[in-house]
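Undergrad: Sharing a structure below in structure tokens format, with a few things to ask.
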Amino acid sequence: MKKIMKFIKFTGIITIVLLITALLFPTWTAHIKGNNSVSALEQVEINGSKHEVMIRGKDQDNPVIIFIHGGPGCSEIPYASKYQNLLENDFTVVNYDQRASGKSYHFFEDYSNLSSDLLVDDLLALTDYISDRLGKEKVILIGHSYGTYIATQAASKAPEKFTAYVGIGQMSDQAGSEIDGLNYVIQQAENAGNKDDVLYLQGLTEQVENGEMFIPRKYIAKYGGATRLIDNPDGNIISMLFSREYNLLDVIRYNYGLSYSQKTLLGEVMKNPLPTKVKKLELPCYFVMGKYDYQTSSNAAKKYFDMIEADKKEFISFEQSAHYPQFEEKEKFYEWLCDTFVK
């Protein structure tokens, strides 16, 4: 009996030590070789709140990209370097966790003023910081998913800061997008003979058509409207824990921030869709859409693209992708970026 108690005590101590280690394990981003390279993971104070920023590239003289992650609350820092290795050859790539997201979620900070307007202001201030640090007059602004809701407004508010705006999984009339998505998943469920899914999804029709709810994302993922060529990278806790950039404490932050951000911010994209907020962009504008994207439908994005005024605009369709064309077809995305922005 004493041996059993000693074993239990020993196991408990080891578990506590491992847990503390996982919680506090140092984080970093992998070094990039080169005399003028940059590979930094750091906290920067922006508008009174500490933001986690990752900067990576082989040559700081290359054009700079600032990526705005989606969600809201879905940081891309834990997996970005896995997919952007090609980009780092010809661009300096900046990812950051938005206020109240991921490593930028701080347990004792007051987020009662969290809004899309505040996130836009944060982005513009971060852009100034990055431009000063890397010696750039302008940077390329790329938003993904909910990040396009923030980035489109920032591009409209301060076009002089940006070389161009690129919207991936571009948000538009989200209520219309949800109807597209619902029709798609019902059709796919019928094709698969999944009667229970069909009945459940049909039961959501009135609420979706009235703009009262989002389709549960698990059904969009199940029927190929989120990813086609890769697993959905968002919210993969195991992958986060095995990344260099996140430890267990950061994963906990991520989940708290995700819950709070979505509860606080998602309603606005239905009540105040982008076509009512931004009708003109005074800089080149590119929408990059996966053909099978039904989280922010390509059809709804095209309607917004046709409506919006811009100095120059282009709609680019990735034929094998869904909501993550920059990752699902990363070679094609890299080639397009180089052709467009590297002279």
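Undergrad: Of all residues in region 163-196 being farther than 28 Å from LEU274 by Cα and polar (S, T, N, Q), which is surrounded by the fewest Cβ atoms within 10 Å (Cβ to Cβ)?
TA: Taking the candidates together, the pick is ASN191.
Undergrad: Now, a different point. Scan region 186-224 residue by residue and report those that are of a type in the set (A, V, I, L, M), in a helix (DSSP H, G or I) and within 28 Å of THR152 (Cβ to Cβ).
TA: Across region 186-224, the qualifying residues are VAL208, ILE220, ALA221.
Undergrad: Pairs only if they're at least six apart or on different chains, beta carbon under 7 angstrom, first in region 120-131 and free of Cβ contacts under 8 Å to residues at least 40 places away in the same chain, second of a type in the set (Gly, Ala, Ser) and assigned to a helix (DSSP H, G or I); list them, first residue then second.
TA: Partner pairs satisfying both residue conditions: VAL120/ALA154; LEU124/ALA154.
Undergrad: Filter region 146-185 for residues that are aromatic (Phe, Trp, Tyr) and either in a helix (DSSP H, G or I) or in contact with a Lys or Arg (Cβ under 9 Å, 6 or more places away or on another chain) (or both) and give the result.
TA: TYR146, TYR149, PHE162, TYR184
Undergrad: What number of residues within region 236-258 satisfy the criterion of being of a type outside the set (Ser, Thr, Tyr), closer than 18 Å to MET54 by Cβ and either in contact with a Ser or Thr (Cβ under 6 Å, 6 or more places away or on another chain) or touching a residue at least 40 places away in the same chain (Cβ under 8 Å) (or both)?
TA: Qualifying residue count, region 236-258: 10.
Undergrad: Among the candidates TYR149, TYR165, TYR129, TYR184, single out the residue that is over 22 Å from TRP336 (Cα atoms) and touching a Phe, Trp or Tyr at 6+ places or on another chain (Cβ under 8 Å).
TA: Numbers: TYR149 fails: touching a Phe, Trp or Tyr at 6+ places or on another chain (Cβ under 8 Å); TYR165 fails: over 22 Å from TRP336 (Cα atoms); TYR129 fails: touching a Phe, Trp or Tyr at 6+ places or on another chain (Cβ under 8 Å).
Within the list TYR149, TYR165, TYR129, TYR184, the selection yields TYR184.
Undergrad: Still on this structure: Between PHE91, PHE67, PHE108, which is over 24 Å from ALA155 (Cβ atoms) and either crowded, with 16+ Cβ neighbours inside 10 Å or not polar (S, T, N, Q) (or both)?
TA: Checking each option against the conditions leaves just PHE108.
Undergrad: Related question: Scan the helices (runs of 4 or more DSSP H) fully inside region 225-299 and keep the ones with 1 or more residues being modelled with pLDDT of 95 or more.
TA: Result: 248-271, 274-277.
Undergrad: Sticking with this one: Does ARG99 satisfy being under 23 Å from GLN174 (Cβ atoms) and either part of a strand (DSSP E or B) or in contact (Cβ under 8 Å) with a residue 40 or more places away in the chain (or both)?
TA: Taking the combined requirement at face value, the residue satisfies it.
The values are calculated or read from the model by the stated rules, or taken from the named source; none is laboratory data. Model, not experiment: these values are computed from the prediction. Cβ coordinates were reconstructed from backbone atoms using ideal geometry, including for glycine residues, and neighbour counts include every protein chain displayed.
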